[in-house]
Amino acid sequence: METTIRRATAADLEGLVELAAATFPLACPEGTAPEAITAHVAAHLGPESFARWTASADHVLLVAEDADVPGRLAGYALLACYRTTDPGMVRLVGEGPAVELSKIYVRADAHGSGVATALLAAGLDLVSTTWPDAPVWLGTHSTNLRAQRFYRKHDFELAGTRTFFVGDEAQDDVVMLRRVPTV
Ligand SMILES: CC(C)(COP(=O)(O)OP(=O)(O)OC[C@H]1O[C@@H](n2cnc3c(N)ncnc32)[C@H](O)[C@@H]1OP(=O)(O)O)[C@@H](O)C(=O)NCCC(=O)NCCS
């Protein structure tokens, strides 16, 4: 699938909200309560959140345009640069600014198409110029083997674990850290 990757703008908010609601359940482990998913989407993936990330200097929000359906988004990625204060995370990524690949979500019909790879490559490219010294990390559910395989293909390695809340449900995440290429 041919795709165009670009930074999100205010004009994408409606499309992003629809895309986020359609794709967030794909990352949840089997058995996650639908109410917990609905609560998480409502609380964290609404237009206010996307508007904030679009306008923030500490975030990179990228969208992939759907080549087959004009006007529709096929995927999005959010990277956030910040200092973590969680002692467990400090041990894994350090005290300085670190970049979290906070979200990468692609519609199910575009999995395996290269859209996710294009989103990640564009995101890492921007990170390397915007925050060149920051380590890059992510958390994903321990049973999300497809995502973990995708990240390993792109130089992320298992670094530890964390707890992530979807609604009131505590979930076990793995934390992966991007290997810094050696010269
Ligand atoms: C995670 C995501 C962005 C990856 O994009 P993708 O297009 O599916 O990734 P790719 O197809 O390039 O890579 C996935 C790899 O996992 C493999 N895979 C698929 N199902 C698998 C499984 N159940 N167990 C292990 N590996 C699996 C694929 O074969 C592929 O590996 P290969 O290229 O060596 O054959 C996409 O799957 C997605 O949006 N998933 C739903 C949302 C999500 O989970 N986001 C991450 C939240 S942290």
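We did not get these values from a lab; they are worked out from the coordinates using the rules stated. Bear in mind that the values here come from a model prediction, so they are computed numbers and not experimental data. Cβ coordinates were reconstructed from backbone atoms using ideal geometry, including for glycine residues, and neighbour counts include every protein chain displayed.
Key figures for this structure:
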item	result
Relative contact order of the range 1-78, defined on C-alpha pairs under 8 angstrom at six or more residues apart (%)	44 percent
Asp109-Arg6 FRET efficiency (beta carbon distance; Förster radius 25 Å; 0.05 resolution)	0.75
For the chain: relative contact order, % (alpha-carbon pairs under 8 angstrom, 6 or more apart)	22 percent
Share of Cα-Cα pairs in the chain lying beyond 28 Å, as whole percent	20 percent
Given charges at Cβ of Lys, Arg, Asp, Glu: the chain dipole, positive-most of Phe150, Ala108, Val69	Phe150
Cβ-derived FRET efficiency at R0 25 Å, Glu35 paired with Glu14, nearest 0.05	0.55
Label point distance in nm, Arg149-Ala57, each placed 7 Å from Cα along Cα→Cβ	4.2 nm
Residue exposure sequence - Thr84, Thr4, Thr23 - by fewest surrounding Cβ within 10 Å	Thr4, Thr84, Thr23
Selected from Gly31, Gly114, Gly46 as most flexible by GNM, with the chain as the system and alpha-carbon contacts under 10 Å	Gly31
Mean separation of Cα contacts under 8 Å (6+ apart) over length of the range 59-152, as relative contact order %	27 percent
Percent of beta bridges antiparallel (DSSP, the chain, rounded to nearest 5)	95 percent
